[in-house]
Amino acid sequence: MACLLETPIRMSVLSEVTASSRHYVDRLFDPDPQKVLQGVIDMKNAVIGNNKQKANLIVLGAVPRLLYLLQQETSSTELKTECAVVLGSLAMGTENNVKSLLDCHIIPALLQGLLSPDLKFIEACLRCLRTIFTSPVTPEELLYTDATVIPHLMALLSRSRYTQEYICQIFSHCCKGPDHQTILFNHGAVQNIAHLLTSVSYKVRMQALKCFSVLAFENPQVSMTLVNVLVDGELLPQIFVKMLQRDKPIEMQLTSAKCLTYMCRAGAIRTDDSCIVLKTLPCLVRMCSKERLLEERVEGAETLAYLIEPDVELQRIASITDHLIAMLADYFKYPSSVSAITDIKRLDHDLKHAHELRQAAFKLYASLGANDEDIRKKIIETENMMDRIVTGLSESSVKVRLAAVRCLHSLSRSVQQLRTSFQDHAVWKPLMKVLQNAPDEILVVASSMLCNLLLEFSPSKEPILESGAVELLCGLTQSENPALRVNGIWALMNMAFQAEQKIKADILRSLSTEQLFRLLSDSDLNVLMKTLGLLRNLLSTRPTLCILANIADGTTAKELIMTNDDILQKIKYYMGHSHVKLQLAAMFCISNLVWNEEEGSQERQDKLRDMGIVDILHKLSQSPDSNLCDKAKMALQQYLA
């Protein structure tokens with residue numbers, strides 16, 4: 001019997017809760033304005049820290065009524081302000097709460113509220129807008145829909161420290177990409193926010209700093225402007241340097257380091273400037289130590305990776321600062337069983353986010369090892385490093401997989417490592433698995449790395465060929481993504497270099513002459529270059545004995561090309577192209593076709609002469625480009641031999 005009673009009891013509890021919530025909503029409709037105000041104040045007290053109560057009030061329709069009262073001209077300023085406070089409190093609940101508020105068109109109502117002369121009401125509206133715009137479910141575009149909003153927000157910056165804090169926070173969360181940066185920059189964001197860096201309020205200084213970091217990111221125009229801005233007689237970079245000193249809060253150190261990093265990457269500060277080498281870089285390395293919180297270590301490593309990515313000197317300096325390479329190995333052991341974390345909530349959070357540490361470590365290792373052979377060697381010799389990367393390739397998180405592939409790609413630039421560590425750990429196996437079914441961003445990096453593993457001196461070349469790489473790469477050449485087409489054709493070009501005739505025939509069979517022709521008509525210059533390179537390698541000859549040994553494998557590449565007039569016409573077209581590199585690539589193909597020490601060379605030479613190739617060779621032998629001139633003369637020699 002007890003089981004039968006359970007449902008009605010539950011229902012009655014729910015209706016009781018809803019009934020108590022309904023009482024709050026009903027009071028909003030009282031004809032007495034004073035009772036309405038008291039009802040809103042009581043509602044405010046009831047929802048603080050109570051997500052269930054917030055959800056109930058939203059379901060019962062409190063939001064449209066609160067917004068109505070907020071916008072009514074007859075409502076007192078006090079009532080409007082209290083309504084904005086309650087709406088802000090509802091927004092602090094779950095993401096679903098925010099969605100419900102957005103569905104009721106809360107943003108236009110609050111933006112309208114900013115036109116009020118009353119500062120307390122403006123601050124309440126801004127606080128609520130801040131909460132809504134910092135939610136991941138709110139589209140940033142809603143801030144830019146009405147062109148009058150940004151200039152009005154700029155004007156409100158001078159009203160109080162609260163308007164400064166909230167507006168800067170809204171800007172830093174809603175500035176996503178160059179279009180938003182340009183809008184804010186054109187409305188005087190730099191001039192209006194710069195002086196806030198010296199505010200007495202830490203929160204204002206911090207939000208202003210965050211604003212500059214998002215404005216400067218990958219933006220040369222903003223960065224070049226920031227370098228020359230003076231605040232109280234001091235240049236902005238000097239202020240940022242002061243803010244990343246050890247005695248400042250970690251959040252401030254990190255954000256200042258990001259500002260300087262972004263300005264450096266945008267070309268506004270030189271990589272050898274002391275504020276980068278002696279201040280920014282060491283600060284970011286400090287953030288990677290195990291004393292820091294997980295999110296600080298992640299942000300520190302990722303920002304450092306971005307700073308040093310294009311500069312070999314910074315990579316060398318970072319690699320010998322505070323034992324960074326060994327320090328990053330700790331990112332894979334976190335949280336350890338003997339972790340010093342006593343706060344259970346923190347431990348639970350860190351366990352859920354530990355993959356972000358691995359991702360950050362892979363990113364930083366990739367940047368560190370981008371150019372220097374000694375650094376790559378140090379990274380690979382770090383405990384279990386190759387095993388960790390191989391494990392990273394099959395992690396469930398796409399971001400970790402991408403970072404692991406990037407790291408591997410960076411290390412694969414080493415001839416030595418391709419011959420040793422990469423072979424010892426059979427890296428090609430998990431890589432081939434990654435290539436089977438991955439999003440484009442991973443495919444681009446993984447296929448680029450495959451190009452390196454297919455170089456003639458790589459011991460992995462053989463097993464990769466045996467595992468069906470030809471079909472996979474030919475498939476990539478048909479991708480809509482030009483980067484994937486380039487990598488597919490590049491890998492095939494490496495595969496065909498000094499390969500046996502059987503491999504060349506396999507490539508042509510899988511690729512088809514139709515697809516080869518399509519690639520020779522590609523709009524992407526890199527695809528064209530690599531396709532001509534592939535043709536050159538397919539047509540080039542190894543010692544005659546090898547050819548005789550493989551002649552039974554079917555049609556040779558030369559015959560396939562010579563019987564396809566479309567492809568020959570394309571090669572002829574590129575011989576006369578305005579781009580010298582394309583001319584050279586086409587010349588390599590022609591040289592291989594007319595080489596007279598091979599069977600059938602006379603017929604090939606005759607056909608190419610009939611097509612007008614010899615006339616073009618005579619012209620090219622007068623070329624001001626010495627390489628082109630030499631290649632043309634060499635090809636003509638074959639006709640005379």
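The values are calculated or read from the model by the stated rules, or taken from the named source; none is laboratory data. Computed from a predicted model, the values in this text were never measured in an experiment. When we count neighbours, we look across all protein chains shown, and the Cβ atoms used for this are built from the backbone with ideal geometry, even at glycine. Heavy atoms of the whole protein, side chains included, go into the accessibility calculation; ligands, DNA and RNA do not. Shrake-Rupley method; radii C 1.70, N 1.55, O 1.52, S 1.80 Å.
Observations, loosely collected:
- Single residue of LEU209, LEU215 found to be under 19 Å from the mean Cα position of the chain (by Cα), farther than 17 Å from LEU324 by Cβ and in contact (Cβ under 8 Å) with a residue 40 or more places away in the chain: LEU215
- Any hit, segment 27-34, residues being modelled with pLDDT of 95 or more and in a helix (DSSP H, G or I): yes
- Residues located in segment 559-572, provided they are open to solvent by less than 20 Å² (accessible area, probe 1.4 Å) and at pLDDT below 80: ILE561
Conditions tested, residue by residue: (1) of a type in the set (A, V, I, L, M, F, W, C); (2) at pLDDT 85 or above; (3) closer than 19 Å to VAL427 by Cα.
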residue: VAL444; (1), (2), (3): yes, yes, yes
residue: LEU465; (1), (2), (3): yes, yes, yes
residue: GLN478; (1), (2), (3): no, yes, no
residue: LYS504; (1), (2), (3): no, yes, no
residue: ARG542; (1), (2), (3): no, no, no
residue: ILE547; (1), (2), (3): yes, no, no
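Here's the yes/no breakdown for (1) among the aromatic types (Phe, Trp, Tyr); (2) free of Cβ contacts under 8 Å to residues at least 12 places away in the same chain; (3) surrounded by fewer than 21 Cβ atoms within 10 Å (Cβ to Cβ):
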residue: GLU381; (1), (2), (3): no, yes, yes
residue: GLU395; (1), (2), (3): no, no, yes
residue: VAL398; (1), (2), (3): no, no, yes
residue: ALA403; (1), (2), (3): no, no, no
residue: GLN423; (1), (2), (3): no, no, yes
residue: VAL427; (1), (2), (3): no, no, no
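- Residue match in segment 608-615 (condition: more than 50 Å from the chain's Cα centre (by Cα) and either touching a residue at least 12 places away in the same chain (Cβ under 8 Å) or closer than 25 Å to GLN498 by Cβ (or both)): yes
- Only a single criterion out of (1) assigned to a helix (DSSP H, G or I); (2) under 22 Å from GLU165 (Cβ atoms) is not satisfied by SER100, namely (2).
- The single condition among (1) at pLDDT below 95; (2) outside any loop (DSSP other than H, G, I, E, B) that GLY93 does not satisfy is (2).
- Here segment 314-355 is the region considered, the condition is being modelled with pLDDT of 80 or more and not in a helix (DSSP H, G or I), and the residue that is surrounded by the most Cβ atoms within 10 Å (Cβ to Cβ) is THR321.
- Where helices (runs of 4 or more DSSP H) sit wholly within segment 219-312, those with at least 2 residues that are in contact with a Phe, Trp or Tyr (Cβ under 6 Å, 6 or more places away or on another chain) occupy 250-265.
- Qualifying residue in segment 80-97 (condition: more than 25 Å from LEU153 (Cβ to Cβ) and open to solvent by 30 Å² or more (accessible area, probe 1.4 Å)): yes
- Filter result for ALA208 (in contact with a Leu (Cβ under 8 Å, 6 or more places away or on another chain), more than 18 Å from VAL149 (Cα to Cα), surrounded by fewer than 22 Cβ atoms within 10 Å (Cβ to Cβ) and small (Gly, Ala, Ser)): no
- Within segment 425-448, restricting attention to residues that are under 18 Å from GLU466 (Cα atoms) and charged (D, E, K, R), the residue that is farthest from the chain's Cα centre (by Cα) is LYS429.
- Qualifying residue in segment 486-500 (condition: hydrophobic (A, V, I, L, M, F, W, C), modelled with pLDDT of 90 or more and within 22 Å of the chain's Cα centre (by Cα)): yes
- Looking across segment 140-172, the residues that are of a type in the set (S, T, N, Q) and over 23 Å from ARG205 (Cβ atoms) come down to THR145, THR148.
- Residue within segment 192-204 that is open to solvent by 10 Å² or more (accessible area, probe 1.4 Å), in a helix (DSSP H, G or I) and in contact with a strand residue (DSSP E or B) (Cβ under 7 Å, 6 or more places away or on another chain) present: yes
- In this structure, LEU454 qualifies as of a type in the set (A, V, I, L, M), farther than 13 Å from LEU408 by Cβ, touching a residue at least 24 places away in the same chain (Cβ under 8 Å) and open to solvent by less than 10 Å² (accessible area, probe 1.4 Å).
- Residue match in segment 357-367 (condition: modelled with pLDDT of 90 or more, small (Gly, Ala, Ser), open to solvent by less than 60 Å² (accessible area, probe 1.4 Å) and touching an Asp or Glu at 6+ places or on another chain (Cβ under 7 Å)): yes
- Top-ranked residue in segment 133-178 [being assigned to a helix (DSSP H, G or I) and without any contact (Cβ under 8 Å) to a residue 12 or more places away in the chain; ranked as surrounded by the fewest Cβ atoms within 10 Å (Cβ to Cβ)]: GLU141
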